[in-house]
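Here's the structure we're looking at; comments come further down.
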Amino acid sequence: MPPLRALVEHGHDVALVVSQPDKRRGRGTALSPSPVKAAATELGLTVTDRVDDVLALDPPAELGVVVAFGRIIKPHVLAQLPMVNLHFSLLPRWRGAAPVERALLAGDDETGVCLMAVEEGLDTGGVYRCERVAIAPAETAGELRDRLVAVGTRMLVDSLAAGLGDPEPQRGEPTYAAKIDPAELELDWSRPAEDLDRIVRVGGAWTTHHGRRLKIHRAHVADGRLLPDVVQPEGRAAMPAADWARGSRWQPGDALGT
């Protein structure tokens, strides 16, 4: 968790880390901590999954820092503890849960990071700083998110060192980044190849072949068609698409989405 590590490395006193509860990850049955909790534990920090615990700190905390928390912070907490949030878009474009994915799906040429004040509304708070980031033509959501986290971490540390100042109201027409529904990731082969490519780059894209689900991990566009590069059949590991096609006895006239 780069922002948390950077805050500690730059001498900030992190009194408490609030993270999501442990949950099952992958196919195992054991509970595992979130990456934030794992990093906090490694750093020797106190961790909780209850936001209200920040109000019991003695001495009181001066500022809360929110990064991809995924839960609404209630007004009574915000009334007692000012908070800032690293949001991975150029606000007010793509307020909400999935700003990186929505920017890719929309075909945006750029996105960015904003350091904003947290308030009761959904990503409506004033903005302290923003930095624009160009989206590379073949960049995946994971790759883009990693770059945005690096930019945002530097922005956060620099802003705290220089002093936040007063936030500026957001300007422009808001758009909303709803959480991605798995149904949106099914590839409709009647759509333009560029649209399908963006879905693959978001991650989790899937189609069917003879009624069985096939995940598409990597693909490229050539001659107006989307050509899979790395696929994953049901119950098997990811593999090169050419190996899958040979193993599935691909026949002339076969098509994906059937």
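Only one of these is among the polar types (S, T, N, Q), more than 25 Å from Gly163 (Cβ to Cβ) and surrounded by 14 or more Cβ atoms within 10 Å (Cβ to Cβ): Thr46, Thr41. Name it.
Values: Thr46 fails: surrounded by 14 or more Cβ atoms within 10 Å (Cβ to Cβ).
Exactly one residue qualifies, and that residue is Thr41.
Scan the stretch 44-60 residue by residue and report those that are outside any loop (DSSP other than H, G, I, E, B) and in contact (Cβ under 8 Å) with a residue 12 or more places away in the chain.
Result: Val47, Thr48, Val51, Asp52, Asp53, Val54, Leu55.
Against the definition (surrounded by 11 or more Cβ atoms within 10 Å (Cβ to Cβ), outside the structural domain of Thr140 (by TED's automatic domain parsing) and within 29 Å of Leu122 (Cβ to Cβ)), how does Arg225 come out, yes or no?
Numbers: surrounded by 11 or more Cβ atoms within 10 Å (Cβ to Cβ): yes; outside the structural domain of Thr140 (by TED's automatic domain parsing): yes; within 29 Å of Leu122 (Cβ to Cβ): no.
So Arg225 does not fit the description; no.
Restricted to the stretch 119-164, and to residues that are at pLDDT below 95 and within 19 Å of Gly107 (Cα to Cα), which residue is surrounded by the fewest Cβ atoms within 10 Å (Cβ to Cβ)?
The extreme case among them is Pro137.
Which residue is surrounded by the fewest Cβ atoms within 10 Å (Cβ to Cβ), if the candidates are limited to the stretch 5-33 and must be under 26 Å from Asp158 (Cβ atoms) and free of Cβ contacts under 8 Å to residues at least 40 places away in the same chain? Quick ask: steps written out before the conclusion?
Applying the first criterion (under 26 Å from Asp158 (Cβ atoms)) to the stretch 5-33 yields 5-19.
Right, trim to free of Cβ contacts under 8 Å to residues at least 40 places away in the same chain and you get 5, 8-9, 11, 13-14, 17, 19.
Numbers: Arg5: 14, Val8: 16, Glu9: 11, Gly11: 7, Asp13: 9, Val14: 15, Val17: 20, Ser19: 20.
This residue is Gly11.
What pairs can you find where one residue is in the stretch 98-113 and closer than 13 Å to Thr140 by Cα, the other is modelled with pLDDT of 95 or more and of a type in the set (D, E, K, R), and their Cβ atoms are less than 6 Å apart, with a gap of 6+ or different chains?
What qualifies is Val100/Arg145; Leu104/Arg198; Leu104/Arg201; Leu105/Arg198.
The values are calculated or read from the model by the stated rules, or taken from the named source; none is laboratory data. In this text the structure is predicted, and so the values were computed from the model without any measurement. Every residue, glycine as well, gets a Cβ built from its backbone with ideal geometry; the counts of neighbours run over all protein chains shown.
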